[in-house]
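The values are calculated or read from the model by the stated rules, or taken from the named source; none is laboratory data. Only a predicted model underlies this, so the values are computations on that prediction, with no experimental measurement involved. As a convention, Cβ positions derive from the backbone with ideal geometry for all residues, glycine included, and neighbour counts pool all protein chains shown.
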Amino acid sequence: MYVCVCVYMFLCVCGCACVREEGPCKLMAGPISGSVYQKGDIVIGGLFPVHVKEPEPETEFRDIRVNGTCSLFNQRAYRWLRTMIFAIEEINSNPHFLPNLTLGYLAADTCLAESTTLSTALTMVTGLQVSIAGDGCTSSPAVPVIIGDARSSSSMVIADTLGVFAIPMVSYMASCVCLSNSVKYPRFFRTMPSDALQAKAMAKLLQLLGWSWVGLVSADDDFGRFAIQILTEELRGTGVCVAYHQVVPKGYAKEKLKSVVETIKRSSAKVVVTFIIGQDGNALMEEVVRQNITDKQWLANDAWVTLAAVSVPQNIPSLAGTLGFALRKADIPGLGSFLTDIHPTKLSTDPDPFKPELWEVLFGCSLNITGREQTLHPCLGSEEIALGMSIYADVAQLRATYNVYKAVYAIAHAIQDMLACSPGRGPSINGQCPNIMKFHPSELSQYIGRVNVTTSLGEQLYFDENGDPPASYDILNWHVPVSICSTPCPAGTRKAVQKGRPECCFDCVRCPKGEISNETGSVDCIRCPARFWSDSDNTVCLPQQVDFLSHNDIMGIILSIISVAGSILTAATFTTFFYYRNTPLVRANNSEVSFMLLVSLKLCFLCALVFIGRPVAWSCALRHTLFGISFVLCISCLLSRTVVVLVAFRSTLPGENLMRYFGPVQQRLGISFCTLVQVLICVLWLILAPPQPAERGVRENRGPKIVLECDVGSVVGFALVLGYIGLLASLCLLLAFLARKLPDNFNEAKFITFSMLIFCAVWVAFIPAYISSPGKYSVAVEIFAILASSYGLLLCIFAPKCFILLLRPERNTKKHLMAR
């Protein structure tokens, strides 16, 4: 009798402590039962559900069952296993990839059961396995990394257990959102996108199609629960309502499954959204077909939408029109010939224990090797596996298979980086390089997380901080098959012949903007004529819209209101000053210049209205000239007042009477001279190269709109108008700044300084904003600058005076004004 004490959690450290009453336990070399092994310098482990039904448990406890036989051969999963072998052999045969190092593999069957998967994974990473009877323990090669598992629930179990030993995993099918938890699963990677993205895509598709009343069906595991939770959160607030949520029971008990399908049948919801695995889908659809449900629209997740066992002819009446998200398919060169390179004469000596069973399943015959029932007729030996003849040999829809291929290459590239490591120069981890022949799995895990390469098929391969890959899906729609090389190109696209292929094989290329095709199967796109542009579908040429700042635009209305309001406010100020024209405050501030300043401000406000509306010859000519003359008149008045204030308080010599040179007549002459210079510039501008209305976007035919604008005609003229305003404004600001602290009770210069600071700030900010604004928005920017600077002048200069005139009349006295 044997007594073996083996605690899996300590196998990596302590080995297997087996005690036999008669003597020590013998260790025998050999691979894991139900596995394929090839030695190498580094052995990669792989977990695949080659069978989908685990052995029946012994419930009477009368005998001990060892290595029970799993059943129901899964051709698709065996293709995954063979793809792992193909990828490893492809890498080993490449002299430029992993030179002087050979990869091995240990791929095992999990029987689609958590218990089998976990025990197999533990055996892989420890290199030891335990027998309940017999000689006790056997040894196998330990692996530093595992590719798998296919299911999220099993992957979680393995990741939880192997996390203690820092063993990295790269799953090819586990998609549960829960596995994106980098804190709980720091060494879990996958080439399968997270279900979070698929759930969000499903929610978006439901909204786009207008399906607002749907039923939900999910798997009875973490994969289904987390996916439905994400989908429900994404649907919240979108107007899509859930009619019911049913769970497909594990074990597929007939009564429970019947109840689920009856709920689907009775519900008024015509759309059924599913998050189930392939076996769930197969069992569910068998019951759907049995109850003859044909009026439902199915929205399938990637786990079963491409499953051949579900899309069989008898299911089509119930599933026709099914929409589903599938992993992007890929073509792996050379894989087809590798998969079909099997011959019955070599099966008896082949170390792969699954090939004979595959052969018997494919051809319905017996090889007398596998121990299967002998009711089958003997195989002839002349059978051949052809591409596409079975699920196993179908390489036209490689999706999860490609994930396995990428997983192998991700690990290989990580090992390549370890080989290329140079201390201090990289790619190293914390400046240290691992010993490639004796490294810790945690080191390999770090290198896997840093992989970022482009595969031979042109796809980017990397993992984010949660171990997730980039996601992309194909949206599939189940139909009746048709025999064509390429589907006809719809309107809005044209044919593009595929190089080296017959003319009936082509790609559909969308017509460029400004060109259309209005027939199915168009060879060329037609350019839209002048003043026309293509619609969003590139099927119709529509007249280009004329775009300008109109009085009917919201922006135009708002700017017009602000302009008119400023004009009214200026008129009200003018009336107030005229009414109080004989008071000390108005007289002390040179009422004549104040009235001229208010008139010029009113013109500034009103000239903004000329910029709004369809550009014509007179409005283009009037826009900048009226604007330039009005602002020069305004600033000239301010400059005159600033000079008077500065001279009045800076005359300190006895008998000096400089004010006689700055009387009312001199002020009028100065203002007139400054304004006349701007008038002369504008007249020359209008004579030599006046602004004209122009259309932009007609000749170039570059957009759906024709922008109407005023071409300045002469850039030099426009620059001189703005430059002259800037020169006067800068001079006024300088003089006002020098006089800002003069000791009068009502410091006019201080308010002029504030107003000119605002004026200069607005126009300095105007230049980059004007240059970068497209179309009518550049006009709006110019109007805004005119109004902002006008309001700044009006409020800074006249608001304090109006406040005293209307609300503090007791301060409107000569005594108060003369007081220090």
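Miscellaneous remarks
- Only listed residue being outside the structural domain of Phe86 (by TED's automatic domain parsing), at pLDDT 80 or above and under 18 Å from Ile85 (Cα atoms), chosen from Leu327, Leu358: Leu358
- When residues in region 221-251 are screened for being touching an Asp or Glu at 6+ places or on another chain (Cβ under 8 Å) and surrounded by fewer than 17 Cβ atoms within 10 Å (Cβ to Cβ), 1 of them pass.
- Qualifying positions in region 683-740 - in a loop (DSSP other than H, G, I, E, B) and at pLDDT 80 or above: Ala689, Pro690, Pro691, Val712, Gly713, Ser714
- Failed item in (1) in contact with a Leu (Cβ under 8 Å, 6 or more places away or on another chain); (2) more than 21 Å from Ser472 (Cβ to Cβ); (3) assigned to a helix (DSSP H, G or I), with Gly224 passing the rest: (1)
- Restricting attention to region 233-276 and to residues that are assigned to a loop (DSSP other than H, G, I, E, B), aliphatic (A, V, I, L, M) and touching a helix residue (DSSP H, G or I) at 6+ places or on another chain (Cβ under 7 Å), the residue that is modelled with the highest pLDDT turns out to be Ile276.
- Selection count, region 320-357, where residues are over 24 Å from Ala400 (Cβ atoms) and of a type in the set (Ser, Thr, Tyr): 3
- Each residue in region 318-354 was checked for being over 44 Å from the mean Cα position of the chain (by Cα) and part of a helix (DSSP H, G or I), and 3 of them qualify.
- The listed residue being among the hydrophobic types (A, V, I, L, M, F, W, C), more than 25 Å from Leu476 (Cβ to Cβ) and without any contact (Cβ under 8 Å) to a residue 40 or more places away in the chain, out of Ala253, Ala243: Ala253
- Selection of region 485-538 for residues being farther than 18 Å from Pro704 by Cβ and of a type in the set (Ser, Thr, Tyr) yields Ser486, Thr487, Thr493, Thr520, Ser522.
- Within region 389-417, the set of residues being among the aliphatic types (A, V, I, L, M) and under 20 Å from Thr454 (Cβ atoms) comprises Leu398, Val404, Ala407, Val408, Ala410, Ile411, Ala412, Ala414, Ile415.
- Filtered residue count, region 189-202, keeping only those that are among the hydrophobic types (A, V, I, L, M, F, W, C) and surrounded by fewer than 20 Cβ atoms within 10 Å (Cβ to Cβ): 2
- Test: residue in region 422-431 that is assigned by TED's automatic domain parsing to the domain that holds Trp80 and in contact with a strand residue (DSSP E or B) (Cβ under 8 Å, 6 or more places away or on another chain): yes
- Selection status of Gly163, assigned by TED's automatic domain parsing to the domain that holds Ile411, surrounded by fewer than 24 Cβ atoms within 10 Å (Cβ to Cβ) and modelled with pLDDT of 60 or more: yes
- Residue within region 587-601 that is β-branched (Val, Ile, Thr) and closer than 26 Å to Leu722 by Cα present: yes
- Any hit, region 447-457, residues being buried (at least 19 other Cβ atoms within 10 Å of the Cβ), under 29 Å from Phe165 (Cα atoms) and out of contact with any Phe, Trp or Tyr (no Cβ under 8 Å at 6 or more places or on another chain): yes
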